[in-house]
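These notes concern the structure reproduced below.
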Amino acid sequence: MNNDSIAPDLLHKGSADDVLIGAPRDALPLYVNDTLVEANGHNPLVRNYAAGANLPRRFEIAPALQKKNRMEEVRADDEWNRLRALPYQIVAAQLEAAGIRSDSLETSVAALCESIPAIRRASSFRFINNADNYFFYRKAHEHVPGTMFIEAARQAVYHHLYHHTDHARGAVTVSVNELNASFFAYAELMYPIELVVDNMTPSDATSPKKIHLRVAFYQRQTLFATVDTKATVIDMPLFEKTRNIFIYCNDWFAPLQPLKLACTISDAQGRKVEVQLLGLGKSGCVTTTADISESVTLHIVYEGKLSFTAGIRRVGQGEHSSWEFAEVDFNGLQVISDMIKRGFVHLDEPALAALQQ
């Protein structure tokens, strides 16, 4: 994996085929203060920042480029203009027009951004747009599907969160409260697309509980879409507890794909019998008939990852075997809940009664 690639797991994806962004970099801020300019006097980029009366310095942008970026329109509100960063497409074009040489634009931007607190830095990504994408291009399109940008924005939010805050992958989850997408023009397949993530969150907390990130999309130096995400960042242990399906219900569930489950019942002598799990609840389960006497232990493994073991006693025998769990602690209920959310469907009362006959 090269430096332009992003590991799928970091974006909460299971396959490289699902990754829609790459080439992560810091993005150049539109405004900087005098202190930052003085600390980076050797950086060629600071020569393009113009001073204003009682205002931060603003990166000079030619009127034609400003129009492409809707900087003077209602859509580009004052708050965003104050916080936003610029895509490399715009910066490179402006420097060329101004006759300012930068041997390595990316290096110059990174050096300048070192003076900015991580929480206030913006991110830039390259959009990965394959016309044969197995999901978004199942139907032929003469433009890039809008839903593809919404998914790319989601991935960019995760990457930005894990690189510009103290939150770590696996320690938290992001629960979206509000999603707002605005499209100003079509995007074409033929030209590169760049994403810029701006932090619109009012707080500068390095481990924010609430976030507001705006992902702006650019093609041919033109802003054509924004996706705003407002979300709550939740510690994973708390999230898992609040998402346990058995907190408020005593429902039963049946596996959608039984082959993903390995289920065995064993006796006191350690003899094991493979059975098929037919129904599962927090107090017990229903399996195919187990040809074993004095069954004492049930063991379930889901997709080779989630594992649940409990003492059992038989409470019914008909076409199938009904079992009651001896005792299940909260951690055990959590495992059952996680299994059910990944591949089970609710059993209504008639269906459950039919299983237990």
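Read-outs: derived from the displayed coordinates by stated rules, not from any lab. Note that the structure is predicted; figures quoted are calculated from it, not measured. Cβ sites come from the backbone with ideal geometry, for glycine too, and all protein chains shown count toward neighbours.
Compared with the alpha-carbon gap, the fully stretched path from residue 317 to residue 244 is longer by 23.3 nm at 0.36 nm per residue. Can you list the lysines whose alpha carbon is less than 26 Å from that of residue 260, not counting same-chain residues fewer than 8 positions off? Here the lysines satisfying the reach criterion relative to residue 260 are 13, 241, 272, 282, 305, 341. Annotation: peptides 167-175, 219-227, ranked by per-residue average of other Cβ atoms within 10 Å with the highest first, follow the order 219-227, 167-175. Measuring between their Cα centroids, the stretch 283-340 and the stretch 1-40 lie 46 Å from each other. Computed over the chain, relative contact order equals 13 percent, with contacts defined as Cα pairs under 8 Å that lie 6+ residues apart.
Of the residues 196, 37, the one with the fewest other Cβ atoms within 10 Å heads the list, and the complete ranking is 37, 196.
Just rank 100, 340, fewest to most, by other beta-carbon atoms within 10 angstrom.
Details: 100 14, 340 22.
Ordered by Cβ neighbours within 10 Å, fewest first: 100, 340.
What does the extension gain come out to for residue 209 and residue 82, with contour length at 0.36 nm per residue minus their alpha carbon separation? Let's see the in-between values first.
Working: separation 127, 0.36 × 127 = 45.72 nm, distance 2.26 nm.
The residue 209-residue 82 span can extend by a further 43.5 nm.
With a ≥ b ≥ c the root eigenvalues of the C-alpha gyration tensor of the stretch 13-129, is it rounded (a/c under 1.5), prolate (a/b larger than b/c) or oblate? Note, shape of the stretch 13-129 comes out prolate. Between 0 and 90 degrees, the angle of helix 146-164 with respect to the longest Cα principal axis of the chain falls at about 90 degrees.
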